[in-house]
1. Looking at (1) at pLDDT 95 or above; (2) open to solvent by 90 Å² or more (accessible area, probe 1.4 Å), which is the one condition that is false for Thr71?
2. Which of (1) part of a loop (DSSP other than H, G, I, E, B); (2) of a type outside the set (Gly, Ala, Ser); (3) surrounded by 11 or more Cβ atoms within 10 Å (Cβ to Cβ) is the odd one out, the single condition Pro102 does not satisfy?
3. For Ile134, indicate whether it is surrounded by fewer than 17 Cβ atoms within 10 Å (Cβ to Cβ), modelled with pLDDT of 95 or more, out of contact with any Leu (no Cβ under 9 Å at 6 or more places or on another chain) and β-branched (Val, Ile, Thr).
4. For the stretch 105-135, give me the residue count where each residue is aromatic (Phe, Trp, Tyr) and assigned to a helix (DSSP H, G or I).
5. Assuming Phe116 fulfils every condition listed in (1) touching a Pro at 6+ places or on another chain (Cβ under 6 Å); (2) more than 18 Å from Ile67 (Cα to Cα) apart from one, which condition is it?
6. Is it fair to say Ala127 is open to solvent by less than 30 Å² (accessible area, probe 1.4 Å), out of contact with any helix residue (DSSP H, G or I) (no Cβ under 8 Å at 6 or more places or on another chain) and closer than 23 Å to Ala76 by Cβ?
7. Just give me the residues in the stretch 101-123 being within 28 Å of the chain's Cα centre (by Cα) and among the hydrophobic types (A, V, I, L, M, F, W, C), in sequence order.
Amino acid sequence: MATLGGAGTSRISQANSAQPNAEIAPSFAVVSGNTGAPISNLARPVSSSAPSAAAIEQSQLEPLQLIRTGTPVYPAIARARNITGTVVVQGTVGKDGRVTNPQFISGPPVFKDAAFDAVRQYQFKPARLNGQPIEQVTQIRLNFH
């Protein structure tokens, strides 16, 4: 409480000056149904048994195999201009072994359509993962000479 005297002096009284500036630490208590239980009883380890052989079994991947190719048709304009080259096409071999979604990767652009037509005629034995057929992306090179 502070009071001002008439002569301009001030008096400050402290009601709780008995405690010096001591740091006050928070207290933490763990309370459970069993008050005498140690903290280790609150958390129990998970069973650490070894994983089963089925969980560790390695996957078996059988790569795709080419069964039949398609014959590329040499474009007339490329023949007339004596253009040759190798085209790389990327496609997805489906579970049925057919190539879908052909994409032109490299080569003379004049051969793009002929390469796509030839690749669509390709037939593969599809890749298999653990005995089940899967889709797989592959690249196919076609030589136009």
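The values are calculated or read from the model by the stated rules, or taken from the named source; none is laboratory data. Keep in mind that this is a model prediction, so the values were computed, not measured. Don't worry about glycine lacking a Cβ; one is built from the backbone with ideal geometry, like all the others, and counts go over all protein chains shown. Just so you know, the surface numbers come from the protein's heavy atoms only, side chains and all, with ligands and any DNA or RNA stripped out. Shrake-Rupley method; radii C 1.70, N 1.55, O 1.52, S 1.80 Å.
1. The one condition Thr71 does not meet is (1).
2. (1)
3. Numbers: surrounded by fewer than 17 Cβ atoms within 10 Å (Cβ to Cβ): yes; modelled with pLDDT of 95 or more: yes; out of contact with any Leu (no Cβ under 9 Å at 6 or more places or on another chain): no; β-branched (Val, Ile, Thr): yes.
Here the answer is no, as Ile134 does not meet what is asked.
4. Of the residues in that region, 2 qualify.
5. Phe116 satisfies every listed condition except (2).
6. Details: open to solvent by less than 30 Å² (accessible area, probe 1.4 Å): yes; out of contact with any helix residue (DSSP H, G or I) (no Cβ under 8 Å at 6 or more places or on another chain): yes; closer than 23 Å to Ala76 by Cβ: no.
No.
7. Passing the criteria: Phe104, Ile105.
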